[in-house]
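Student: Structure in structure tokens, see below.
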Amino acid sequence: MRYFIQPSIIFLLLVTRGFSMSTWEHEARLMTHLFGNNTFASLTRPNPNGGGALNVTIGLAYVQLMDLDEHHQMLKSNIWIRQYWTNEALAWNPTDYGNISVINIDPVHAWLPDIVLYNNARAISAISGGVLYQFKKKLVLHFDGSIQWFAPTIIQTSCHIDPSLYPFDRQNCSVILGSWTHNGFELDVFAQKDSIDTEFYQESSEFHLVTSQSRKLVQNFSCCAEPYPLLVFDLVFQRHSTYYFINIIIPTALITCLSCLSFVLPSGERVTVGLNVFFTITFINLYNMQKVPQTSTTSLMNRFLHACTVLTAFCMCSNACVLIMLSLKNVQVPFFIKYLIFEVIAPSVGLHTNEMFSSTKRREDSSWRIKTDFQVAPKTIYTRIEKELRKDFWRCCAQTLDRCCFIAFVVLFLSLSLNFVTVDLRDSSRGKLSS
């Protein structure tokens, strides 16, 4: 039995080796036929049977959003480029070469379409500069002359950033591809699909890819009379606002709410709290300004931070006015201020039942009776009553101003917060509908 198995194994090895060598020989003969004596024909732009422009089909697979630099307005992407065209000079009959129908060839042996990235935003150095015809990946050549060229690459394109709704913004970026030297009469480009392939897309932690579409654009440049067809791959990204809500918006809102403490704290602590809150919000605003592009358009985040800064400054100014009123002990209160405080403002803010106002009115009545009925009263008694009366009047004015400023602060802060919540809800619903 052993003597029977060993010759069988040797026979199978010889047959397998003979088959492999035969396939290799066929492929070697085919390569010699295509590129040995036909070098210049393989490197010349293919000429279709009917003449006219050569059709190049381009497909784009978007793999990863690596970075969207708002400050420099650039998009860095990881993509797969797929190019298809036909070169009839490289066709062969499979039956003449061992039924070989597909081979892989080096790109230096064949003509390549000079597809470049028109909105490139990197240095011009080979592939990194948007030159998409210097890949080292092999071409897939079929027997009928059709060629497939797949290559992965990392590109960096310019993208106009609109920061008006930041961080609830939606950015539209594009990848523009086309031939650099061949006009539309020599080479025409077509999109493989109406949309970008996102099967292998890795979701970004900062942006959500809402839509991805492709369209054809025929461009006429000032240098040339011929049209140049271009393929525009549009990408729409929606920013995830949860990070900004948790780390910037909510802390800033809570810090701004601390300004309310200045309306109830003693006079010595009001200025300290107001200054600390003001400097904290200013620091957050400076940090946020480094994230958005320096344009004339003010983002929604900046408007929110500016509004919080203004509210804090408003609290500081109102507290300063209150402290000034409390220090006016020897200044007579004008009549129109008395009327405005006691008859108009105080009742409208809920201070008409305050004991301080009623005691101040009684003290004013007693002062008037002493002045009219007891002309011979000791001057010191009248002076003391007048001094206490002026002090009470200014205290009432300060309390009324405190209440008015507190109500105004609450109304403005709630309006600002409601505006942000409305924008976020509208943005979230729009993102769900797009998805």
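The values are calculated or read from the model by the stated rules, or taken from the named source; none is laboratory data. All values reported here derive from a predicted model rather than from experimental measurement. Positions of Cβ are generated from backbone atoms using ideal geometry, with glycine treated the same way; all protein chains shown enter the neighbour counts. In case anyone asks, the SASA skips ligands and DNA or RNA and just uses the protein heavy atoms, side chains included. Shrake-Rupley method; radii C 1.70, N 1.55, O 1.52, S 1.80 Å.
Student: Among Phe11, Phe40, Phe4, Phe35, which is the only one that is touching a Ser or Thr at 6+ places or on another chain (Cβ under 7 Å), at pLDDT below 90 and aromatic (Phe, Trp, Tyr)?
Tutor: Details: Phe11 fails: touching a Ser or Thr at 6+ places or on another chain (Cβ under 7 Å); Phe40 fails: touching a Ser or Thr at 6+ places or on another chain (Cβ under 7 Å); Phe4 fails: touching a Ser or Thr at 6+ places or on another chain (Cβ under 7 Å).
Checking each option against the conditions leaves just Phe35.
Student: How many residues are more than 17 Å from Cys308 (Cα to Cα), part of a helix (DSSP H, G or I), open to solvent by 60 Å² or more (accessible area, probe 1.4 Å) and of a type outside the set (Gly, Ala, Ser) when one looks only at the range 247-270?
Tutor: The number of residues fulfilling the criteria is 1.
A quick yes/no check of all residues on (1) touching a Cys at 6+ places or on another chain (Cβ under 6 Å); (2) open to solvent by less than 30 Å² (accessible area, probe 1.4 Å); (3) not in a loop (DSSP other than H, G, I, E, B):
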residue: Val116; (1), (2), (3): no, yes, yes
residue: Leu141; (1), (2), (3): no, yes, yes
residue: Ala151; (1), (2), (3): no, yes, yes
residue: Ile161; (1), (2), (3): no, yes, no
residue: Cys173; (1), (2), (3): yes, yes, yes
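Student: Let me ask something additional. What are the residues in the range 267-287 that are touching a helix residue (DSSP H, G or I) at 6+ places or on another chain (Cβ under 6 Å) and under 18 Å from Phe245 (Cα atoms), if any? Explain how you work it out, then say what you get.
Tutor: Within the range 267-287, the subset touching a helix residue (DSSP H, G or I) at 6+ places or on another chain (Cβ under 6 Å) is 267, 270, 273-274, 277-278, 280-281, 284-285.
Selection gives Thr280, Ile281, Ile284, Asn285.
Student: Further, regarding this structure: Search the range 301-317 for residues being polar (S, T, N, Q) and under 13 Å from Gly274 (Cβ atoms), and hand back the single one that is surrounded by the fewest Cβ atoms within 10 Å (Cβ to Cβ). Don't jump to the end; show me each part of the working.
Tutor: So the first thing to find is which residues in the range 301-317 are polar (S, T, N, Q), and the list is 302, 309, 312.
Narrowing further to those that are under 13 Å from Gly274 (Cβ atoms): 309, 312.
Working: Thr309: 18, Thr312: 26.
Per the stated criteria, the residue is Thr309.
Student: Return the pair list, or none, for Cβ contacts closer than 9 Å from residues in the range 195-216 that are under 22 Å from Asp169 (Cα atoms) to residues that are basic (Lys, Arg) and crowded, with 17+ Cβ neighbours inside 10 Å, at least 6 apart or on different chains.
Tutor: Glu206/Arg239; Phe207/Arg239; His208/Arg239; Val210/Arg170
Student: Quick one: in the range 96-114, of everything that is out of contact with any His (no Cβ under 7 Å at 6 or more places or on another chain) and open to solvent by 60 Å² or more (accessible area, probe 1.4 Å), which residue is farthest from Leu139 (Cα to Cα)?
Tutor: If we take residues in the range 96-114 being out of contact with any His (no Cβ under 7 Å at 6 or more places or on another chain) and open to solvent by 60 Å² or more (accessible area, probe 1.4 Å), then Asp96 is farthest from Leu139 (Cα to Cα).
Student: Take Thr353 and decide whether it is in a loop (DSSP other than H, G, I, E, B), at pLDDT 70 or above, exposed (fewer than 14 other Cβ atoms within 10 Å of the Cβ) and not charged (D, E, K, R). Lay out the reasoning, then the answer.
Tutor: Numbers: in a loop (DSSP other than H, G, I, E, B): yes; at pLDDT 70 or above: no; exposed (fewer than 14 other Cβ atoms within 10 Å of the Cβ): yes; not charged (D, E, K, R): yes.
Answer is no for this residue.
Student: Yes or no: Tyr287 open to solvent by 20 Å² or more (accessible area, probe 1.4 Å), assigned to a helix (DSSP H, G or I) and of a type in the set (Ser, Thr, Tyr)? Talk me through it step by step, then tell me what you get.
Tutor: Details: open to solvent by 20 Å² or more (accessible area, probe 1.4 Å): yes; assigned to a helix (DSSP H, G or I): yes; of a type in the set (Ser, Thr, Tyr): yes.
Spelling it out, Tyr287 is indeed open to solvent by 20 Å² or more (accessible area, probe 1.4 Å), assigned to a helix (DSSP H, G or I) and of a type in the set (Ser, Thr, Tyr).
Student: With the structure loaded, tell me whether Asn93 is over 19 Å from Gln202 (Cβ atoms), open to solvent by 50 Å² or more (accessible area, probe 1.4 Å) and over 44 Å from the mean Cα position of the chain (by Cα) or whether it fails that test.
Tutor: Yes: the conditions hold for Asn93.
Student: Another one. Inspect all residues belonging to the range 223-232 and state whether any of them is closer than 30 Å to Gln290 by Cβ and open to solvent by less than 20 Å² (accessible area, probe 1.4 Å). Working first, answer last.
Tutor: Within the range 223-232, the first condition is being closer than 30 Å to Gln290 by Cβ, and the residues that meet it are none.
Within the range 223-232 (the criterion being closer than 30 Å to Gln290 by Cβ and open to solvent by less than 20 Å² (accessible area, probe 1.4 Å)), the answer is no, since none of the residues qualifies.
Student: Right, something else. Please work out which residue is modelled with the highest pLDDT, limiting yourself to the range 175-210 and to residues that are open to solvent by 30 Å² or more (accessible area, probe 1.4 Å) and among the small types (Gly, Ala, Ser).
Tutor: The residue in question is Ala191.
Student: Determine, yes or no, whether Leu258 is out of contact with any helix residue (DSSP H, G or I) (no Cβ under 8 Å at 6 or more places or on another chain), among the hydrophobic types (A, V, I, L, M, F, W, C) and modelled with pLDDT under 85.
Tutor: Values: out of contact with any helix residue (DSSP H, G or I) (no Cβ under 8 Å at 6 or more places or on another chain): no; among the hydrophobic types (A, V, I, L, M, F, W, C): yes; modelled with pLDDT under 85: yes.
So Leu258 fails the test.
Student: Which residues, counting only those in the range 225-246, are under 22 Å from Ile281 (Cα atoms) and outside any loop (DSSP other than H, G, I, E, B)?
Tutor: Taking the range 225-246 and keeping what is under 22 Å from Ile281 (Cα atoms), we get 241-246.
Matches in the range 225-246: Thr242, Tyr243, Tyr244, Phe245, Ile246.
Student: Among the residues of the range 259-271, how many are over 37 Å from the mean Cα position of the chain (by Cα) and either more than 15 Å from Phe406 (Cβ to Cβ) or not β-branched (Val, Ile, Thr) (or both)? Please lay out each step first, then the result.
Tutor: Narrowing the range 259-271 to residues over 37 Å from the mean Cα position of the chain (by Cα): 263-271.
Pick out the ones that are also either more than 15 Å from Phe406 (Cβ to Cβ) or not β-branched (Val, Ile, Thr) (or both) and you get 263, 265-271.
Residues that pass the stated criteria total 8.
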